[in-house]
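The structure appears below as structure tokens.
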Amino acid sequence: MSMTETLFRDDAYLRDCEATVLDVEGNAVILDRTVFYAMGGGQPGDTGILRWDGGEATVVDTRYGDRGAIRHILESEADAPPAGIGIKAIVDWDRRYRHMRMHTALHLLGTVLQYGVTGGNIAADRSRLDFDMQDTVDKDAVTAKLQALVDADTPVTSRWITDEELAAQPELVRTMSVQPPKGAGKIRLLEIEGIDLQPCGGTHLRSTGEVGAIVVSKVEKKGSRNRRVYIELP
């Protein structure tokens, strides 16, 4: 069992929660439960605020630690709450929600461009996927197909499968450079109904329509078999 309960996995729309400080490691605070997403899968760690009776500290990043602990990293000079105290963890929702819109949009991009994915990165202003491909990419045509998938307002859900079930369905793994974590007994699948189904531990929207306006802003040739495709939320 993980040291920190990951509330964001069950409900990505939670903006805050009550929690107890389990430990403080330097400028990192470990809680028994959190709404803060820890960096992974190309998605940045959340930022926000920890607030307690008599104090407040800004979280500048969130990372995984040992044994499933999630480390809320504070500003270098911030006073940390003492272990054992109850706090309120408040995520920077505007930034997180843009990450959710971007992450869901990248899954849609991967269905428009049916190639192996060799890398990717999510940011609030611009995100990208790297594809194992030699073909040229028509930005306007891909943007139109991507926007059509967004406008279809398709439900987005998640469920869990076992390591064995994933091993029996290797076609579910689209990423060539990173494999989903195995050994924990279960793996989270992200499903965009009738469009996409693959392992993903990130935070996502409830439906594709929430992505809103999206545009393929740039395509870079990074090698003979690599095209880097950027998307933006105008």
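Remarks
- Cα-based helix-to-principal-axis angle, 139-151 vs the chain, degrees rounded to 10: 60
- Rg/Rh (Cα only; Kirkwood hydrodynamic radius) as it applies to the chain: 1.00
- Size estimate for the stretch 53-160 follows the Kirkwood approach: the inverse of mean 1/r over distinct Cα pairs works out to 17.5 Å.
- For the stretch 12-111, the solvent-accessible area works out to 42 Å² per residue, with a probe of 1.4 Å and every protein chain left in place.
- Only Cα pairs under 8 Å and 6+ residues apart enter the sum, and on that basis the relative contact order of the chain stands at 19 percent.
- With Cα atoms, 0 to 90° folded angle of helix 93-112 axis to the chain main axis: 30
- D (Stokes-Einstein, µm²/s), Kirkwood Cα radius, the stretch 49-89, 0.692 mPa s at 37 °C: 302
- Percent carbon-and-sulfur accessible area, the chain, ignoring ligands, DNA and RNA, probe 1.4 Å: 47
The values are calculated or read from the model by the stated rules, or taken from the named source; none is laboratory data. Just so it is clear, the model here is predicted, and its values are computed rather than measured. The area values use the complete protein model at the heavy-atom level, side chains included, leaving out ligands, DNA and RNA. Shrake-Rupley method; radii C 1.70, N 1.55, O 1.52, S 1.80 Å.
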